[in-house]
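The values are calculated or read from the model by the stated rules, or taken from the named source; none is laboratory data. For clarity, every value in this text was computed on a predicted model and none was experimentally measured. When we count neighbours, we look across all protein chains shown, and the Cβ atoms used for this are built from the backbone with ideal geometry, even at glycine. The accessibility values were calculated without ligands, DNA or RNA, using every heavy atom of the protein model including side chains. Shrake-Rupley method; radii C 1.70, N 1.55, O 1.52, S 1.80 Å.
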Amino acid sequence: LTVMGDAGMEPNISPPDSTAQDSFFSMTDVFLISLITGLFTYWFFFRKKKEEVPDLPKMQSVAAPVRDSSFIEKMKKTGRNIVVFYGSQTGTAEEFANRLSKDAHRYGLRGMAADPEEYDLSDLSRLSEIDKSLAVFCMATYGEGDPTDNAQDFYDWLQEADADLSGLRFAVFGLGNKTYEHFNAMGKYVDKRLEELGAQRIFELGLGDDDGNLEEDFITWREQFWPAVCEHFGVEATGEESSIRQYELVVHTDMNMNKVYTGEMGRLKSYENQKPPFDAKNPFLAQVTENRKLNEGGERHLMHLELDISNSKIRYESGDHVAVYPANDSSLVNQIGEILDTDLDTIMSLNNLDEESNKKHPFPCPTSYRTALTYYLDITNPPRTNVLYELAQYATDAGEQDRLRKMASSAAEGKALYLSWVVEARRNILAILQDMPSLRPPIDHLCELLPRLQARYYSIASSSKVHPNSIHICAVTVEYETKTGRVNKGVATNWLKNKVPDENRSNSLVPMYVRKSQFRLPFKPSTPVIMIGPGTGIAPFVGFIQERAWLKEQVKSVRLTTKAYGYFRHEREDYLYRKELARFHQEGVLTQLNVAFSRDQAEKVYVQHLLKKNKENVWKLLNEGNAHIYVCGDARNMARDVQNTFYEIVAEFGNMSQPQAVDYVKKLMTKGRYSLDVWS
């Protein structure tokens, strides 16, 4: 630059020199300009391509079609005006939703049952676009006031939503159990929250109680619900309730057996070609490596099973639940086939007549009747009234037909008859067919009507810190005589009883998955723990104690305060995990072991009596040691009695009134210091 500048300032330079310099500078200019231009061009096009990359995801819908999540568009397309959402863990709420949606046709309306997990519930604000529209919610409460798995997203949306639902008309029926602390919490919350968001309730909240008679509660609510709908919309019933098939039968005479379901819950051949992750729709086939009887005598059979989860990538924590898919007793299945004169090995499909429905089949199809009755359908529980109503048309004897229709009616006499003849007598579908000789329905319609066989849940009796590759189960087989003299057996426990370690794996495989729980040990190992688990309620505490023993081994200086309270019927017969508990107590992992044997003396002694005996120490741990309380077992009696005992202890040593003591214990629950894992 200096040279160029100088040349420009000195015109007296001789022409030859000037010519030479001009030529040099010109070549440099060309070179630099070409270089800069080339670099800029390369940079420009390279940068442009980089910027275009983020636009590519816009084309992903071509490769992966997006599922239509608008129930509004579906209702418009199919001419529906009533949608019945269900939050269901065991299938009952789904069943009720289906019954309500089928009811709608009697009033000139059209309904559809819907899983909230499959749709965008923010569309509720648009339901008013449909004439005479109504949203009904059949919501079950799971555990300690929680939503069911398929309603979790809906629950989260309700909590966060600020939507205007002023055009929405709704009604709610809740399914709960009064033995639980938070009775029907989900139904109550949905009912309250929808009103807060501006929706109009057209009929009062229904509260079904499974500890009483859930079926009767539903029928009573339903028979008042529809008149309220008629009054609101100005419609009338078009006729009597009639039988409408939801599925059509297709028999396959030349089917490739590789395309036939043989018990899988979701993907065809998933049991032959196992792929994680494993869940409710894709269970893992775990091999039983141990199955031993825990009790030394007595009529009952209490057992300890170990399931091998090696190479499954399944992870669990102490306090979680293991779900297993059982199979029905083959003798019951065969008897149904015989009484209905059916070839159970016929390959068939039941296809939904509603082509727009997301639910194409009532269970995996194509399959055989034998497979359906063995793995997919509940044949051991008393059938609900809607099943009896549908079956009545097939009874050729007028008396039997009238009896079935009466039991399915909403009349007081019919309800009483259903309660005594079906529920209290524990008549399952086979018993009903046996006791009504003229009732011989087509097996395909029976398969359509029966509810799905559900997974059974057990508290895991092991710690993953000690047993990372196995899950332990503690269970008691269920077997009892009914009022009709029949012997009924629990489906899952008797099926598990017959699962024995087998090198050929043929009779040792259990379809299972893990369900997470909030039943957790305190974060700090030094926090005192009070565990109360009568009978098989001891199961999760075996895992807890194993984990504390592991912690003690890892951190020698840790000071544990672990107190266990339990009771069994007889010390010599059913003292579960006796040797293990004694060893943990001796090693100092269990600092106190309090066990009662309720029937070894004239006056029965239960776990609440042991708590009262140690009440001063219990209060000290609660008040000064910030102890955590864990209760596992029967919800109907034990859990309630234990809770009342804590009320008494808190009132006495905390110098509180009864209401104050109740509030104190409730706050412990809110803080996670009083945890329940109970069943009814």
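Asp279 meets the conditions (1) closer than 20 Å to Ala475 by Cα; (2) within 29 Å of the chain's Cα centre (by Cα); (3) of a type in the set (Asp, Glu) in every case but one. The failed one is (1).
Just so you know, in the stretch 231-253 the residues that are surrounded by fewer than 16 Cβ atoms within 10 Å (Cβ to Cβ), at pLDDT 90 or above and more than 33 Å from the chain's Cα centre (by Cα) include one that is farthest from Gly108 (Cα to Cα), and it is Thr253.
The residues on offer are Leu100, Leu56, and the sole one that is open to solvent by less than 70 Å² (accessible area, probe 1.4 Å) and either at negative phi or modelled with pLDDT under 85 (or both) is Leu100. Going by the conditions given, is Asp211 over 30 Å from Tyr674 (Cβ atoms), of a type in the set (Asp, Glu) and in a loop (DSSP other than H, G, I, E, B)? No: the conditions fail for Asp211.
Just name the residue that is modelled with the lowest pLDDT out of those in the stretch 345-354 that are in contact with a helix residue (DSSP H, G or I) (Cβ under 9 Å, 6 or more places away or on another chain) and open to solvent by 10 Å² or more (accessible area, probe 1.4 Å). So, considering only residues that are in contact with a helix residue (DSSP H, G or I) (Cβ under 9 Å, 6 or more places away or on another chain) and open to solvent by 10 Å² or more (accessible area, probe 1.4 Å), the one modelled with the lowest pLDDT is Asp354. Is it true that some residue in the stretch 174-190 is modelled with pLDDT of 90 or more and of a type in the set (Asp, Glu)? So far as the stretch 174-190 goes, no, none of its residues is modelled with pLDDT of 90 or more and of a type in the set (Asp, Glu). Apart from one condition, Gly108 fits all of (1) touching a helix residue (DSSP H, G or I) at 6+ places or on another chain (Cβ under 7 Å); (2) modelled with pLDDT under 90; (3) closer than 26 Å to Gln246 by Cβ; the exception is (1). The set of residues from the stretch 586-599 being open to solvent by 80 Å² or more (accessible area, probe 1.4 Å) and either touching a Pro at 6+ places or on another chain (Cβ under 8 Å) or part of a loop (DSSP other than H, G, I, E, B) (or both) comprises Glu587, Arg599.
To keep it simple, each residue is scored yes or no on (1) under 20 Å from Leu496 (Cα atoms); (2) assigned to a strand (DSSP E or B); (3) touching a His at 6+ places or on another chain (Cβ under 8 Å).
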{"residue": "Glu264", "(1), (2), (3)": "yes, no, no"}
{"residue": "Glu290", "(1), (2), (3)": "yes, yes, yes"}
{"residue": "Glu299", "(1), (2), (3)": "yes, no, no"}
{"residue": "Glu306", "(1), (2), (3)": "yes, yes, yes"}
{"residue": "Ser312", "(1), (2), (3)": "no, no, no"}
{"residue": "Asp345", "(1), (2), (3)": "no, no, no"}
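In summary, Leu611 fulfils each of the numbered conditions (1) modelled with pLDDT of 90 or more; (2) touching a Lys or Arg at 6+ places or on another chain (Cβ under 7 Å) with the single exception of condition (2). Scan the stretch 631-680 for residues that are without any contact (Cβ under 8 Å) to a residue 12 or more places away in the chain and farther than 23 Å from Phe544 by Cα and jot them down. Selection gives Asn637, Ala651, Asn655, Met656, Ser657, Gln658, Pro659, Gln660, Asp663, Lys666, Lys667. Checking each residue in the stretch 479-535 for being assigned to a strand (DSSP E or B) and open to solvent by 70 Å² or more (accessible area, probe 1.4 Å) picks out Glu479, Tyr480, Glu481, Val487, Lys489. For the stretch 393-422, the set of residues classified as open to solvent by less than 40 Å² (accessible area, probe 1.4 Å) and either β-branched (Val, Ile, Thr) or assigned to a loop (DSSP other than H, G, I, E, B) (or both) consists of Ala408, Ser409, Val422, listed by residue number. Is there any pair with a first residue in the stretch 429-451 that is over 21 Å from His252 (Cα atoms) and open to solvent by 10 Å² or more (accessible area, probe 1.4 Å) and a second that is part of a loop (DSSP other than H, G, I, E, B) and among the acidic types (Asp, Glu) whose Cβ atoms are under 7 Å apart and which are 6 or more apart or on different chains, and what are they? Close Cβ pairs (under 7 Å, with a partner that is part of a loop (DSSP other than H, G, I, E, B) and among the acidic types (Asp, Glu)) amount to Ser438/Asp397; Leu450/Asp378; Pro451/Asp378.
Can you name the residue in the stretch 281-309 that is among the small types (Gly, Ala, Ser) and open to solvent by less than 40 Å² (accessible area, probe 1.4 Å) and is also farthest from Asp574 (Cα to Cα) among such residues? Step by step, filter the stretch 281-309, then rank; the result is Ala286.
When the stretch 607-642 is examined, which residues are found to be among the polar types (S, T, N, Q) and open to solvent by less than 20 Å² (accessible area, probe 1.4 Å)? Hits for the stretch 607-642: nothing passes. Filtered by the rule that a residue be crowded, with 18+ Cβ neighbours inside 10 Å and either in the same structural domain as Ile471 (by the TED database) or in a helix (DSSP H, G or I) (or both), the stretch 551-583 gives Lys552, Asp574, Leu581. Of the residues making up the stretch 263-278, just one is open to solvent by 70 Å² or more (accessible area, probe 1.4 Å), under 27 Å from Thr90 (Cβ atoms) and not basic (Lys, Arg), namely Pro277.
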